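Following: one structure in structure tokens, then a few remarks.
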Amino acid sequence: MKITVIGTGYVGLVSGTCLAEVGNDVLCLDVDAKKIAILQGGGIPIYEPGLEDMVKRNVTAGRLRFTTDIEAAVQHGAIQFIAVGTPPDEDGSADLQYVVAAARNIGKHMTDYKLVVDKSTVPVGTADKVRAALQEELERRAVKLEFSVASNPEFLKEGAAVEDFMRPDRIVIGTDNEHATQMMRTLYAPFQRNRERLITMDIRSAELTKYAANAMLATRISFMNELANLAEKLGADIENVRHGIGSDPRIGYHFLYPGCGYGGSCFPKDVQALRRTAGEYGAPMHVIDAVEVANDAQKHVLLDKIIARFGNDLQGKTFAVWGLAFKPNTDDMREAPSRVLMEGLWERGAKVAAHDPAAAHETRRIYGDHPQLQLVDNPMAALQGADALAIVTEWKVFRSPDFSAMKAALKTPLIFDGRNLYDPASMRAAGFEYLAIGRQ
Ligand SMILES: NC(=O)c1ccc[n+]([C@@H]2O[C@H](COP(=O)([O-])OP(=O)(O)OC[C@H]3O[C@@H](n4cnc5c(N)ncnc54)[C@H](O)[C@@H]3O)[C@@H](O)[C@H]2O)c1
């Protein structure tokens, strides 16, 4: 099938590449000429395990191309995926300007039937807005052309995006006509050969499903974070509690890890957008309100522990930070807890020596040559002469470090662990002061 993907970011590039991998002819469009130039030059603009090789393979095979030419992109695909960003607006609602611009471009240039598929995470009712914008452009051109709009929210996880797209646990399709459903069934057939994973529904339910999934996951995290903070005060150990409740099949072990807050491009903005939608429709979601408040507080938990230990004036102190990306296996720094920590440390006069296996480049893009930030290319280098270590992202490489070398490098053997990577008793035995989340 001929597919156009509008927006070649994390979702667009992964989706387009995986759709090419199963034999489709895919053209990816972006308005960011720099991004397209990198892709056309054989590079990739993001870090995502397995993606680079897959892009190369499909480009070489002629199934995957990149362009900034809007008209060519609209002409190409019978299916037009919209995968542009939907960042939060000032009031927390999803900013739909890029989605609507993409729809208008389709209306301006289409000359035959198109199935327009919203893959971006968009509030309920967006498909109607896409339909109206596109129709308006057709009327402006005084042409009558058929098109359908469908919703196909994306559930991939950054860091495992290729695997998630190639082997999805579900594919949610919202449509209002059988022809569109059939086209989506055909498109996704190669991804569900061993069992049916396609769940079809009405468009509004599909749109809401994505927010429901992210809000539920964010709720589990915030719940565990608050429970961990309580456990710490009560003299209990949240790891024991996690095992104790996770073994209940109604609860399960997934997404029960307490930490220093969730970040990324999805949970924070999707929770906010759902709150906004709920408010607009007069159906406030108190649980979701609390999830956001709890997470904002949790992002300060490492800074609070550091202040409790060193006081508010951190002039002359240096803190090593391990992990900058909002989670492992990505270079994405959007809403990352590391940013709250580093900015809080800088404000109080401290310096930061940081290491992240993938996000140094992105950190430099955000902070430039910040005078209080030194980025180093291995974990041990960050520790040299530092007053303490703060662990923010649970990259695998941090799980089993050389503790005696760490002790020798740090000025004080003190670790603030925002991801509970180590066993507190062993750390004490090894001579560390070890402050984790919800543990003694
Ligand atoms: N990142 C994730 O893990 C993830 C997972 C599921 C869903 N989503 C959702 O998918 C959407 C995209 O997220 P992302 O992380 O890929 O964003 P992103 O910022 O990485 O990519 C969006 C791209 O769209 C481009 N763009 C904007 N307007 C355009 C236009 N009119 N025409 C062509 N290109 C245009 C931008 O230049 C950018 O490259 C969001 O709604 C997000 O919530 C993201």
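Descriptive notes on the structure:
- Scanning segment 66-112 for residues that are within 28 Å of residue 41 (Cα to Cα) and free of Cβ contacts under 8 Å to residues at least 24 places away in the same chain gives a single hit, 101.
- Listed by first and then second residue, the pairs with beta-carbon distance under 7 Å, at least 6 apart or on different chains, first residue in segment 145-163 and under 13 Å from residue 81 (Cβ atoms), second more than 15 Å from the ligand (Cβ to nearest atom) and of a type in the set (Phe, Trp, Tyr), form an empty list.
- Tally, over segment 135-175, of residues that are within 16 Å of the ligand (Cβ to nearest atom), among the aromatic types (Phe, Trp, Tyr) and more than 16 Å from residue 329 (Cβ to Cβ): 1
- Meets criteria (of a type in the set (Val, Ile, Thr), under 24 Å from residue 20 (Cβ atoms) and either touching a residue at least 12 places away in the same chain (Cβ under 8 Å) or crowded, with 22+ Cβ neighbours inside 10 Å (or both)) for residue 124: no
- Within segment 262-284, residues that are more than 18 Å from residue 156 (Cβ to Cβ) and within 14 Å of the ligand (Cβ to nearest atom) sit with their Cβ atoms under 7 Å from residues that are part of a helix (DSSP H, G or I) and among the aliphatic types (A, V, I, L, M), at 6+ positions apart or across chains, in these pairs: 271/215; 271/218; 271/288; 271/291; 274/215; 274/288.
- Exactly one residue out of 323, 418 is within 26 Å of the chain's Cα centre (by Cα), on the phi > 0 side of the Ramachandran plot and not assigned by TED's automatic domain parsing to the domain that holds residue 45, and it is 323.
- Pairing each residue of segment 388-400 that is over 11 Å from residue 354 (Cβ atoms) with any residue that is of a type in the set (Asp, Glu) and outside any strand (DSSP E or B), provided the two are 6+ apart or on different chains, yields C-beta distances under 9 Å for 395/356.
- Yes/no for residue 124 being more than 15 Å from the ligand (Cβ to nearest atom), of a type outside the set (Ser, Thr, Tyr) and closer than 23 Å to residue 87 by Cβ: no
The values are calculated or read from the model by the stated rules, or taken from the named source; none is laboratory data. These numbers were taken from a predicted model, which means no experiment stands behind them. Here Cβ is always computed from backbone atoms with ideal geometry, including for glycine, and neighbour counts include all displayed protein chains.
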